[in-house]
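The values are calculated or read from the model by the stated rules, or taken from the named source; none is laboratory data. These numbers come from a predicted model, not from an experiment. Virtual Cβ from ideal backbone geometry, glycine too; neighbours counted across all protein chains shown. Only protein heavy atoms, including side chains, enter the accessible area calculation; ligands, DNA and RNA are left aside. Shrake-Rupley method; radii C 1.70, N 1.55, O 1.52, S 1.80 Å.
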Amino acid sequence: MALRSAQVTVAAQDGQALRAPDPVASAPLAVRGVTVSYGEKPAVFSVDATFPAGAMTAIIGPNGAGKSTLLKAALGVIPRLSGEVSVFGQPIETARARIAYVPQRASVDWDFPASVIDVVLMGLYRRIGLLGRLTGAQRAKANACLARVGMSDFADRQIGQLSGGQQQRVFLARALAQDADLYLLDEPFAGVDAATERAIIDVLKSLKADGKAVVCVHHDLATVATYFDHVFLINVRKIAEGPVATTFTGANLNATYGGRLAATHIDQLALADPA
Ligand code: ADP
Ligand code: MG
């Protein structure tokens, strides 16, 4: 299935036709009909999703809903059974350099012997090449990224010796070093302290203010309405997507969690009015 062409024609006020970007085909990330299966049952089934620029989108769904799988399929690190992924209108293979990815913390081997600054410098290897020589400017850039997440004092520490929140900040610094246009983060706030949560959200908001697209798998329903502009609800299949104001509703949450959320909990969330 082909994505629509990158341009659509809209009528301008003076009657002349203007070429405006198609919000789907030029989106930072668009997936169409994506199915991923590890075994017989698909983990993600026939999902369409469009993630906009200059916005923060939360991917929400219960454990095992396919949230991490959807991100990995979008990155092209696991094979798709079917479907298409487009990144700024390009196939993933040619657009990979524009994406930064922060994996789910639990999936990382923290015994790997690397210092904090080494991990941040990994964000620059796509430009340097594994055998290339680091320049002073590149080191300065890595240090500036560490400063942005408040981790300058830990540059020479082994990554395995940090707290969970500190590790998460370092992985965000590595993503910042990549100068990407699309940021995919898998549960960046899971198991971090309040100060780290604040530091991470401040960085993500500054990326959004710079027009970048930020997509987070997010587990904390209580902060969706304050942190995010868009939501994508998934339980193997797409349940709903759109602005928080119209999409983060009790009905959509019930459909996503299959009645596993207590009604009292749903009542406490800052939900949109029923559409
Ligand atoms: P989520 O991130 O929403 O919790 P995942 O995308 O990690 O869900 O997993 C979706 C489903 O796929 C789950 O049933 C999970 O057990 C299964 N799964 C995930 N990764 C693998 C894998 N590498 N091999 C086999 N099954 C997997
Ligand atoms: Mg996951």
Seminar exercise, completed: Given 4 °C, 1.567 mPa s and a Kirkwood radius over Cα pairs, the Stokes-Einstein diffusion coefficient of region 41-133 in µm²/s is 82
Exercise. Which whole-number value in Å² is the accessible area per residue of region 186-275, probe 1.4 Å?
Worked result: 45
Exercise. Based on the Cβ-Cβ distance of Asp202 and Gln104, what FRET efficiency does E = 1/(1 + (r/R0)^6) give at R0 = 35 Å, to the nearest 0.05?
Worked result: 0.95
Problem set entry | Bins of 10 Å, starting at 0 and running to the largest distance - Cα pair percent for region 231-273 | 31, 58, 11
For this session: Report, as a whole number in µm² per second, the diffusion coefficient that Stokes-Einstein gives for region 191-258 at 37 °C and 0.692 mPa s using the Kirkwood radius over alpha carbon pairs.
Result: 249
Exercise. Using a basic spin-label model with each label point 7 Å from the Cα along Cα→Cβ, how many nm lie between Phe112 and Ala147?
Worked result: 2.7
Problem set entry | Label-to-label distance, nm, for residues given as Gln90 and Thr226 (7 Å Cα→Cβ offset) | 3.8
Exercise. Can you give the FRET efficiency for Arg133 and Ala251, using 1/(1 + (r/R0)^6), R0 = 41 Å, r = Cβ-Cβ distance, to the nearest 0.05?
Worked result: 0.10
Exercise. When the gyration tensor of region 131-230 is built from Cα positions, what are the square roots of 5 times its three eigenvalues, in whole Å, from largest to smallest?
Worked result: 24, 17, 11
Exercise. So how much slack lies between Arg260 and Tyr38, counting 0.36 nm per residue of separation and subtracting their Cα-Cα distance, in nm?
Worked result: 77.4 nm
Problem set entry | Cα-based convex hull, the chain, per residue volume (Å³, whole number) | 161
Exercise. So which residue, out of Phe232, Phe112, Phe51, gets the largest mean-square fluctuation from a GNM of the chain using Cα contacts under 10 Å as springs?
Worked result: Phe112
Exercise. Hey, what's the Cα Rg ratio for region 88-149 versus the globular rule of thumb, 2.2 N^0.38 Å?
Worked result: 1.29
Exercise. Over region 24-175, what is the relative contact order in whole percent, taking alpha-carbon pairs under 8 Å and six or more residues apart?
Worked result: 22
Exercise. Given a cut-off of under 8 Å on Cα pairs at least six residues apart, what relative contact order in percent is computed for the chain?
Worked result: 22
Seminar exercise, completed: Hydrodynamic calc, region 72-208: Kirkwood Rh from Cα pairs, then Stokes-Einstein at 37 °C with viscosity 0.692 mPa s, so D in µm² s⁻¹ is 210
